[in-house]
Structure formats: structure tokens, C-alpha cells
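Report on the following structure.
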Ligand SMILES: Cc1cc2nc3c(=O)[nH]c(=O)nc-3n(C[C@H](O)[C@H](O)[C@H](O)COP(=O)(O)O)c2cc1C
């Protein structure tokens, strides 16, 4: 029953990860994406996105920060994955769900959701490039225009050797429209053998409980709800453990925001 902190470009950087993981409840975080083009990136790019690489890939509270890569050429993504691991990344996540129009124009990323064989090729090449003890995961949406390939994509990623899949329960066309389609997570979860991490619209303890019930997924990833409620993961952990917990009030949250500068 793990709770992950979602990658959010421009919102969850290393300072936010520090604050949120210090409050507690998170099993791990995923970094903002490192955009892969056609060559190995310099070390400083990885350190800019994940300064935690200077501390064994851990936040000051000791929570692992998986490095996320975004790219469409299997070999270049794999070379950079190997480099990130060499720099200390405790895991590699491949982003197949970036909704940015600019990014997709370059025939990459969420567009890849239209072609399970491409997802397979990227994950397989990355899996072969990095040491077996380093988890390789994928972050998917339910599809591009529709959900027709939702299960096929998940199966492709599993067949390629991914250790887990995070599924943001929306298509690219859905954007960020609510409600997220948790019932689709159940189809994917039932069709695969690797852990499926549920993501999308988990903004309260009640959402968490309903999402788990509908999706059947044990593990969840929290995005915007983590920023709106900095102690959401702690609230969920306390609920899981049957501990009474008074959610943080504004007086406790305000100094944390000031810490962000
Ligand atoms: C501002 C913003 C930036 C995001 N950046 C990334 C990213 O870098 N990589 C990624 O895989 N997903 C990214 N996402 C998607 C989130 O990780 C998550 O899948 C999505 O927000 C749904 O979860 P939520 O409803 O809990 O927010 C981003 C979302 C937002 C709102």
C-alpha cells in the first residue's frame, strides 16, 4: 500500500519534494521529466532536475527520488537511463503521458500511446541497459484519443520487463478533466501481473479509499492533491494504521510555503 509523489514539472521540484517528504507518508517520488533528444545528456542536466542525486537519490528525509525520462528513441533513452543510474538514480521511470502540445508535435511521448510496439521497444531497451536491481517503471495515460489501447499498452510495458506501471486514469484527449476514470484502472489491473499504481484525482482520504475500491490497485500516486494538502500522504497513512490524526491547519502550512521562497 505505497503512496508515491507524482512528477509535476514546474510544481514539484526538489524543494517541494523536501517539504512534502519531510511531512511524511511517501514511499517514493518521481522527478520532473528529463527530456531526451538525440544524444547523452551532460551530468548537470540530471543534477538540475534531481539534485537529490548528490545524496544517493534521496530527499533529506530519506525518500527515494526516481528519475523520469521522456523520449522516443529506445537507444538514446536507454543510454541516458544508464547514465542516470550511474549518477545514483534509485529507479528509472519513463513518461509516456506528457500532454504538452509542443512535446507531442515532435512525434514523441503521449503520441507513443498509439503504438504499443514502441512502448515495448523503449522499456525493453532501457531494461536491458540498466542493472537488474534498479526498478524500471512506466507512466501511462489511458490512451491518446480514446481508451482502445489502454490494456494493450499496459501489457506491452509488462512484456518488456517493467517492474510497475503508473496509470494516470485519463486519455491525452481528456487533459485534466474530472472525474478521472478509475474503473479503467481496474481493467488494466485485472489484465496485468505487475503492480499498477493508480493516479488521477486522489485529493483526499475519501478519494484514496474510493479509488482503491474501484481500481483494485494497492498503490497510488498523488499529484495536485499533494500540493493542495501537504499532509495528504500522512493523512492516508494514519487512516491505514487506524491512528487518529488532525490534518494540518493553515498555521502549520503557511511557514512551509514561506520556506519555498
Ligand atoms: C503542472 C503539472 C506538471 C506535470 N508534469 C509531469 C511530469 O513531468 N511527468 C509526468 O509523468 N506527469 C506530469 N504531470 C502529470 C501528473 O504526474 C499526474 O499524472 C496528473 O496530475 C494526475 O494526477 P492528479 O490528478 O493527482 O494531479 C504533470 C501534471 C501537472 C498538473
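All of the numbers you see were taken from the coordinates with simple rules; none came from a lab. Computed from a predicted structure; not experimentally measured. Note that each Cβ is placed from the backbone with ideal geometry, even for glycine, and that neighbours are counted across all protein chains shown.
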Contact order relative to length for the chain, counting C-alpha pairs under 8 Å separated by 6 or more residues, stands in percent at 17 percent
Please arrange 237, 177 by counting, for each residue, the other beta carbons lying within 10 Å of its beta carbon, fewest first. 177, 237
Beta bridge orientation in segment 20-160: antiparallel %, DSSP, nearest 5: 10 percent
Based on DSSP H runs of at least 4 residues, each adding -39500 (n - 2.57), what is the mean residue ellipticity at 222 nm of the chain after dividing by all its residues, to the nearest 500 deg cm²/dmol? -12000 deg cm²/dmol
Relative contact order [Cα under 8 Å, 6+ residues apart], segment 1-68, whole percent: 38 percent
When the chain is treated as a Gaussian network with springs between alpha carbons less than 10 Å apart, the largest mean-square fluctuation among 121, 78, 169 is found at 121
For segment 3-260, what proportion of DSSP beta bridges, expressed in % and rounded to the nearest 5, is antiparallel? 5 percent
Based only on other Cβ atoms within 10 Å, what is the fewest-to-most ordering of 184, 250? 250, 184
Most exposed first, judged by fewest Cβ atoms within 10 angstrom, 128, 29, 217 run 128, 217, 29
Over its Cα atoms, what ratio of radius of gyration to 2.2 N^0.38 Å does the chain give? 0.95
How high is the relative contact order of segment 1-147, given as a whole-number percent (alpha carbon pairs under 8 Å, six or more residues apart)? 21 percent
For the ranges 221-227, 63-69, what's the packing order if you count other beta-carbon atoms within 10 Å of each residue, average per peptide, and put the highest first? 63-69, 221-227
